[in-house]
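Novice: Structure below; questions to follow.
Read the figures in this text as sums done on the coordinates, not as results from a lab. Owing to the predicted nature of the structure, the values given are computational and were not obtained by experimental measurement. Every residue, glycine among them, receives a Cβ derived from its backbone with ideal geometry; neighbour counts consider all protein chains shown.
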């Protein structure tokens, strides 16, 4: 029986503790839960980035009171909206063995960016409204067994 790895990660987020709970799924994006967002947070923006700067997942339009983002979110599900990844596809697509950094921004207003947006456009639109930010490491992505 394979149990999902559960990581409880605490990082400083603004002046209050921001708690991220990442739950890697069998495939697809990890589940993410949060607490302690700064007052005025209108939306969360998440993205997973490799050490070489490749962005393998983006998710936004996540309302702070919406509850946890389930593991394995697919592009057809909204929220979250998901953008293009480093391979040119949509949603979570990470080469096996790749360690990632999960970034989270609390935004002071809704982005209004459509699905399939590329990461540079997202980050450029989000930066002026960013209230707080946090980053944490995710374990290397599992490879399919024999």
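Novice: Please compute the Kirkwood hydrodynamic radius of segment 32-146 from all pairs of different C-alpha atoms, in Å with one decimal. List each step's numbers first, then the result.
Specialist: Numbers: mean 1/r = 0.0696 Å⁻¹.
Every distinct Cα pair counted, the radius reaches 14.4 Å.
Novice: Between residue 116 and residue 143, what is the label-point separation in nm under the 7 Å Cα-to-beta-carbon projection?
Specialist: 3.4
Novice: Further question: Under a point spin-label approximation (7 Å from Cα along Cα-to-Cβ), what is the residue 51-residue 136 distance to one decimal in nm?
Specialist: The modelled label-to-label distance comes out at 2.1 nm.
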